[in-house]
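The values are calculated or read from the model by the stated rules, or taken from the named source; none is laboratory data. None of these values were measured; they are calculated from a predicted model. Glycine also receives a Cβ, built like all others from the backbone with ideal geometry; neighbour counts cover every protein chain displayed.
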Amino acid sequence: MSVQKDASGRRSIQVEVEVPGTPEDVWAAIATGPGVSAWFVPTRMEERQGGEIVSNFGPGMDCPATITEWESLKRFVAESVMGPPGSPIMATEWTVEARAGGKCLVRVVNSLFATNDDWDNQLDGLEQGWPAYFRILRRYLAQFNGMACSAMQFVSFSSDSEPNTWEKLGSALGLLNLSEGQHWGAPAGAPQMGGVVDSLGKGSHKHTLLLRLDAPAPGTAYVGAFSCGGMVMVCISIYLYGDKAKTAALRDEPSWQKWIGEQFPMPQMG
């Protein structure tokens with residue numbers, strides 16, 4: 001864990017990535033709703049100081065934030081409540097720095113003020129979670145910049161443990177015991193999808209896998225099981241680009257929704 005702490009009580013983590021593109025390209029990808037939705041989660045954004053950002057992490061899981069600072073093409077800061085009422089306010093700062101060779105450095109800093117260590121694991125989870133999404137961002141800018149994204153997001157929950165949930169999910173999709181660079185295709189019973197293993201999860205996000213897709217359209221898929229509020233969230237995020245993307249998403253979204261509902265029926269809340 002590399003949570004930074006200072007005497008004021010501020011705790012923060014910082015993650016950065018070098019990506020291809022002009023500052024205008026990169027800003028459009030991190031500071032507009034369509035741009036963020038093309039590599040992260042479905043997002044609505046008012047592009048101004050005082051504007052609202054709403055990130056959707058699944059059904060009924062809208063996370064609002066308010067933009068407190070905005071310097072177009074360079075930097076913005078958004079603040080949100082990190083958890084239930086009474087939780088600390090978290091500030092998320094995004095910056096874009098032009099680099100030589102037609103590249104930019106993207107940096108995100110998540111910070112909050114707390115008097116104890118209770119929230120350090122949450123910050124650590126963010127630090128370990130950003131790299132996978134930054135891989136999707138970098139690929140988006142390198143290969144699909146300017147293309148419309150047809151994204152699909154499927155979420156359910158399990159009352160089983162995170163390792164057991166991942167075992168079930170990975171087994172159903174034929175994702176267990178794969179290596180980076182290995183070709184993969186969805187097994188019978190799942191909607192058509194295929195590609196190459198891009199990266200395997202690590203640390204607190206070890207039960208995840210990133211795929212570079214070539215079917216049903218070029219794109220990326222992020223599959224994982226995450227501990228979340230006493231349950232385990234099962235998530236399949238699919239980002240498709242290009243001429244075939246919209247048709248494929250319209251065709252396959254109902255099938256994926258049916259598949260995840262059958263594999264992981266929502267637990268009864270008692």
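Some values worked out for this structure:
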| quantity | calculated |
| --- | --- |
| Boolean, ASP62 is at pLDDT below 95, among the charged types (D, E, K, R) and either under 25 Å from THR220 (Cβ atoms) or surrounded by 18 or more Cβ atoms within 10 Å (Cβ to Cβ) (or both) | yes |
| Counted residues, the range 107-120 - those being within 18 Å of the chain's Cα centre (by Cα) and modelled with pLDDT under 90 | 0 |
| Scope the range 176-220; condition among the charged types (D, E, K, R) and loosely packed, with under 13 Cβ neighbours inside 10 Å; matching residues | GLU180, LYS202 |
| Residue in the range 235-270 that is nearest to LEU175 (Cα to Cα), counting only those that are among the aliphatic types (A, V, I, L, M) and at pLDDT 95 or above | ILE236 |
| Among residues of the range 21-54, those that are more than 25 Å from GLY224 (Cα to Cα) and in contact with a Gly (Cβ under 6 Å, 6 or more places away or on another chain), counted | 2 |
| Any hit, the range 105-122, residues being among the aliphatic types (A, V, I, L, M), more than 22 Å from ALA142 (Cβ to Cβ), in contact (Cβ under 8 Å) with a residue 12 or more places away in the chain and part of a strand (DSSP E or B) | yes |
| Elements of type strands (runs of 3 or more DSSP E) contained in the range 1-59, each with 2 or more residues being within 20 Å of ALA91 (Cα to Cα) and at pLDDT below 95 | 10-20 |
| ASP160 vs. criteria closer than 27 Å to ASP62 by Cα and either modelled with pLDDT of 95 or more or not assigned by TED's automatic domain parsing to the domain that holds TRP94 (or both) | yes |
| Residue count, the range 213-231 (criterion: modelled with pLDDT of 95 or more and in contact with a strand residue (DSSP E or B) (Cβ under 6 Å, 6 or more places away or on another chain)) | 12 |
| Selection count where residues are touching a Leu at 6+ places or on another chain (Cβ under 8 Å) and under 25 Å from ASP124 (Cβ atoms), scope the range 16-62 | 7 |
| Where a residue in the range 134-153 is closer than 15 Å to LYS103 by Cβ and its partner, wherever it lies, is modelled with pLDDT under 95 and among the aliphatic types (A, V, I, L, M), with Cβ under 7 Å and at least six apart | none |
| Filter pass, VAL26 being surrounded by 13 or more Cβ atoms within 10 Å (Cβ to Cβ) and either within 24 Å of SER204 (Cβ to Cβ) or of a type in the set (Asp, Glu) (or both) | no |
